[in-house]
Amino acid sequence: MKNKTTKLTVLGSGTFFVNKNRSSSAYLLETDNKRILIDCGPGTLMRLSQLKVKPWDIDYVFITHFHPDHTSDLFPFFMNIRLGEYFLEKNSMKFPQIIGPKGIAKFILKTSKNCELLSVRGWNKIIFTDVKNKIKLGAIEVETFKVKHVAFGLNVNAYAYRFVINKKIIAFSGDSVECPGLKKACQNADIFVCDTSTPKNQNNDAHINTSQIGKMSSMCKVKQVVLSHLYPYTDNIDLVGEVREFFSGKVIKGEDLKIILL
């Protein structure tokens, strides 16, 4: 992109339940000639191809946590670039930086070994970086916040991300319950892309519910909430209406390939 417009595209608005309309968690931020991918769940490569964006067009990848509905296309993403250098664009290939929870490089290396596709060790053109509290990407500032996400009794090493781009704030919850880190991530956000796995009056240790989303977004002075990470069982529930019971700002139900301009 050659202007100051920031574009957010919802690549995947779903969870493990992939279908033709909803793939798993993935989002594309485009701004200041940079493309940033947030999460890389199943279906991400297909959605990128629909936008005519190649994996080597991506500058940075941010992973919120290691669950497969957020990462299962990450190794294929890597392999597209690894093989693309060999077969397609040897002299013009761009190599992204992949940023995620501590151990992100080991995560990809283990995936490579488990798949019996030993393509990672010894090939260091893609940089893997463990998250830090603050990350500077040129004019783009990123803050990371540890969030609480417990799945099947295990505390997950999960993060929310807060991007400051041209004085606009775009926050991504990843998977999280209501917690201090999530509140800090979405404070004064122009767009808050939020895990919406759970309707109101339902509580668990894995995901925030719609009543909590509405109350927290109001308290944190969020301008617009994008509901995502949607399960099929909520298709007939008015999730937007439930959030609006406590939040007067704009609420959008995420859909794959939905574009939001800032």
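The values are calculated or read from the model by the stated rules, or taken from the named source; none is laboratory data. All values derive from a computational prediction rather than experimental measurement. Here the Cβ positions follow ideal geometry from the backbone for every residue, glycine too, while neighbour counts run over all protein chains shown.
Computed quantities for the displayed model
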| quantity | calculated |
| --- | --- |
| Output for region 145-161, where each listed residue is surrounded by fewer than 23 Cβ atoms within 10 Å (Cβ to Cβ) and of a type outside the set (Phe, Trp, Tyr) | Lys146, Lys148, Val150, Ala151, Gly153, Leu154, Asn155, Val156, Asn157 |
| Subset of region 142-170 [in contact with a strand residue (DSSP E or B) (Cβ under 7 Å, 6 or more places away or on another chain) and free of Cβ contacts under 8 Å to residues at least 24 places away in the same chain] | Thr144, Ile169 |
| Condition met for Asp59 (modelled with pLDDT under 95, of a type outside the set (Phe, Trp, Tyr), over 18 Å from Ile252 (Cβ atoms) and surrounded by 14 or more Cβ atoms within 10 Å (Cβ to Cβ)) | no |
| Sole exception among (1) closer than 24 Å to Met46 by Cα; (2) without any contact (Cβ under 8 Å) to a residue 12 or more places away in the chain; (3) aromatic (Phe, Trp, Tyr) for Phe77, by number | (2) |
| Search result, residues across region 67-113 that are assigned to a helix (DSSP H, G or I), touching a Gly at 6+ places or on another chain (Cβ under 8 Å) and surrounded by 15 or more Cβ atoms within 10 Å (Cβ to Cβ) | Asp69, His70, Thr71, Phe107 |
